[in-house]
Amino acid sequence: MPSVSRAVSRPVLRTSLALLAGTALAAPLILSAPVAAGGAAAPYTVSALTVTVHTGDRTCPVDVDLYRPRGVDAAHPAPAVLTTNGFGGSKADGSTDAIARAFASRGYVALAYSGLGFGRTGCPISLDDPGTDGTAAGRLIDLLAGTRTADDGTRIDYVTKDRPGDPRVGMIGGSYGGAIQMATAAVDHRVDALVPLITWNDLGYSLDPNNAGRTRDVSGPVPGAYKYQWTNGFFLIGEAQGLLNPGLDLSRTGGAGCLHFVAPACRIKRLLDSRRYPEGRTEEMLQYVRSVSPVSYLKSVRAPTLLVQGEADSLFNLNEAVATYRTLRAQGTPTGMIWQSWGHSGGIKDPPKGELNLAKGNLESSYVGQRILAWFDRYLRHRTVTGTGPAFAYYRDWATGRSAYATSSAYPVGGSQRLYLSGDGMLVDNRGKVASGSREYRNLPVPTSHSETSLAGLIGFPDMPPYDIKGTYLDWTSAPVSGGPVDVVGAPKVTLRVDSPQAERVQNSSDAADKLVLFAKLYDVAPDGTKTLVHRLVAPARVPDVTRKFTVELPGIVHRYEPGHRLRLVIAASDAAYAGNRGVKRVTVTSAPEDTGVLELPVTEGVLP
């Protein structure tokens, strides 16, 4: 194993450490705290196994825990549930272990394993690549099928089979443990059911989002604004695996300057850190990150899939789940989608009362947990009378108890309502009220807006309130809501035209980083003037062409604007959690009744002011 001094001298790691200086992001990322073991009275036994698999171009020892319910044997088989860790975890972390125990206690054979590059499992981190991570998971399905043995000769002959070599198996897990499910199902059609929680559709969008001019699922035509805080936090956790797990198998050594990531991932990280998007290299980046993302292989996923995404999540926002949902539904894959309260941006350690808590395994006592049990009941136990629930459900923080979740037979829900951007800074409900006028802002060499310190909420650190510095943003504010609340469920959109001579002069250069970057976001302004940035979400946009109108799709939200509250749309020049503009660029927005910007909101209840 490389020495510590060698590890910290690697160029990419050194760059990440420098970028993280002064932030709270160097703390370890574990998705939940460890929980107590099931104890002697647990209705299952647990066996630790090693299963060596050949995948990609490497041989990887995979660290596995096998949970066998009491009374399950060859004469009395049971379906299986396969689960693995989120990024930075292992088979032993609180959520992974708790998931396995929860299903084993309900009569499922459970197999929890440390993903490639984590815990005591060898090989570099390869970002849930279907050809590598998915193939490795397929070898574990062979173990459940009884067609291969663990390294110590253990053979499993007590998993329900639909045919020889085809065990009945479902997968569940969150974040990194969510994408692996779709990667596995794409290359191994023996998987019978999936429950991916809080995961991605397109890793290019997740780490470098562009919400302008969307042309493919969540992705815009050019790279967006580098989400460097999240990316560097995860990168450091990945590179630290050798320190966290002494004596690691050397098969996990990475390449291209990284200790524990595969070479293509390392090169992409270096390109992102450069803050440049040259032709050729940028296309290579997009091709690679999409190749390890569901967006590129969902066409091969046929297993019924229950998507669970978090409303409080600036890493993998609701739009990513929507893109996956639409693709799967369009091709006939049975699919449901739930928007729960918690995601990566706080609350994951301590979800609201009544919400699914993976570390506690409270399946029966939470709405999401009940839906998961029903999903596996239907597709793993083949109980055809079990209802799997509505196509779409979403959590409402203004409701309580059983009514916290609203449901629908389809997505989207509600209807679209419009507000218009007036030249006097107002949001008005028809074009006739638009005042003619122009306003401008410009960016500075340093960030002047703050939405969040990424990872702060996840690891329990306090964060400062969001802010925007005068002269570096424009805002438009509605009249107060009246006559009842306004509920917004879905992804708002803003279409506008800007004028920026500095951006226009350089936007056709061979480096896409010269294009204009802006950040769109929605506030809720209370009667006393208190501002709330809804879930601290922003929509970075790298404008393809400033001479044309463009549309920015904001992250999906579920939010109630109470009577007396106002909606405020902000277009900001920067955000401290993202890389921004190259050079100072003045931006002017002009409004006139016949030609002005439009804000569209998906409203399920009430009328916009």
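The values are calculated or read from the model by the stated rules, or taken from the named source; none is laboratory data. Remember, predicted model here, so these are calculated numbers, not experimental data. Neighbour counts run over all protein chains shown; Cβ positions are idealised from the backbone, glycine included.
Miscellaneous remarks
- Test: residue in region 273-290 that is under 20 Å from Pro602 (Cβ atoms) and β-branched (Val, Ile, Thr): no
- Of all residues in region 483-496, those that are on the phi < 0 side of the Ramachandran plot have Cβ atoms under 6 Å from Cβ atoms of residues that are acidic (Asp, Glu) and not in a strand (DSSP E or B), 6 or more apart or on another chain, in Pro485/Glu562.
- If only residues of region 107-129 that are part of a loop (DSSP other than H, G, I, E, B) and among the hydroxyl-bearing types (Ser, Thr, Tyr) are counted, the one that is farthest from Gly254 (Cα to Cα) is Tyr108.
- Residues in region 98-121 that are in contact with a helix residue (DSSP H, G or I) (Cβ under 9 Å, 6 or more places away or on another chain) and hydroxyl-bearing (Ser, Thr, Tyr) were compared, and the one that is nearest to Leu143 (Cα to Cα) is Tyr113.
- Only one of the listed residues (Leu286, Leu315, Leu271, Leu328) is over 21 Å from Gly170 (Cα atoms) and free of Cβ contacts under 8 Å to residues at least 40 places away in the same chain. That residue is Leu271.
- Qualifying positions in region 347-361 - at pLDDT 90 or above and within 18 Å of the chain's Cα centre (by Cα): Leu356, Asn357
- Some residue of region 82-89 being under 20 Å from Leu358 (Cβ atoms), among the hydrophobic types (A, V, I, L, M, F, W, C) and part of a strand (DSSP E or B): yes
Every residue, every condition in (1) in contact with a strand residue (DSSP E or B) (Cβ under 6 Å, 6 or more places away or on another chain); (2) among the hydroxyl-bearing types (Ser, Thr, Tyr), yes or no:
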site	(1), (2)
Tyr325	yes, yes
Thr333	no, yes
Trp339	yes, no
Val368	yes, no
Leu373	no, no
Asp377	no, no
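- Which numbered condition Ala98 fails, given (1) assigned to a helix (DSSP H, G or I); (2) within 20 Å of Leu380 (Cα to Cα); (3) in contact with a strand residue (DSSP E or B) (Cβ under 7 Å, 6 or more places away or on another chain); (4) not polar (S, T, N, Q): (3)
Here's the yes/no breakdown for (1) of a type in the set (Phe, Trp, Tyr); (2) over 18 Å from Gly174 (Cβ atoms); (3) touching a Phe, Trp or Tyr at 6+ places or on another chain (Cβ under 9 Å):
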| residue | (1), (2), (3) |
| --- | --- |
| Gly346 | no, no, no |
| Asp350 | no, no, yes |
| Gly361 | no, no, yes |
| Tyr379 | yes, yes, no |
| Arg396 | no, yes, yes |
| Gly415 | no, yes, no |
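- Residue in region 104-151 that is farthest from Tyr44 (Cα to Cα), counting only those that are of a type in the set (Ser, Thr, Tyr), buried (at least 24 other Cβ atoms within 10 Å of the Cβ) and in contact with a Pro (Cβ under 8 Å, 6 or more places away or on another chain): Thr121
- In region 504-525, residue surrounded by the most Cβ atoms within 10 Å (Cβ to Cβ) [restricted to those that are of a type outside the set (A, V, I, L, M) and in contact with a Lys or Arg (Cβ under 7 Å, 6 or more places away or on another chain)]: Lys515
- The residues of region 450-487 that are more than 18 Å from Leu537 (Cβ to Cβ), at pLDDT below 95 and surrounded by 14 or more Cβ atoms within 10 Å (Cβ to Cβ), listed by number, are Ile459, Phe461.
- Test: Leu455 is in contact (Cβ under 8 Å) with a residue 40 or more places away in the chain, part of a strand (DSSP E or B) and in the same structural domain as Thr590 (by TED's automatic domain parsing): no
- In the set Arg560, Arg548, Arg568, only one residue is under 29 Å from Ser510 (Cα atoms), touching a residue at least 24 places away in the same chain (Cβ under 8 Å), surrounded by fewer than 23 Cβ atoms within 10 Å (Cβ to Cβ) and not hydrophobic (A, V, I, L, M, F, W, C); that residue is Arg548.
- Considering residues of region 92-103 that are of a type outside the set (Gly, Ala, Ser) and either over 22 Å from the mean Cα position of the chain (by Cα) or under 16 Å from Thr45 (Cα atoms) (or both) only, the residue surrounded by the most Cβ atoms within 10 Å (Cβ to Cβ): Phe103
- Selected residue [under 14 Å from Glu311 (Cβ atoms) and either among the β-branched types (Val, Ile, Thr) or out of contact with any Leu (no Cβ under 8 Å at 6 or more places or on another chain) (or both)] from Ala393, Ala410, Ala374: Ala393
- Flag if Arg101 is closer than 29 Å to Gly343 by Cα, in contact (Cβ under 8 Å) with a residue 40 or more places away in the chain and out of contact with any His (no Cβ under 9 Å at 6 or more places or on another chain): yes
- Check on Tyr441, among the hydroxyl-bearing types (Ser, Thr, Tyr), modelled with pLDDT of 95 or more and closer than 30 Å to Gly173 by Cβ: no
- Candidate set from region 463-496 (those that are within 30 Å of the chain's Cα centre (by Cα) and among the charged types (D, E, K, R)); member that is farthest from Arg442 (Cα to Cα): Asp487
- Within region 304-323, being under 22 Å from Arg396 (Cα atoms), more than 11 Å from the chain's Cα centre (by Cα) and not in a strand (DSSP E or B) holds for Val322, Ala323.
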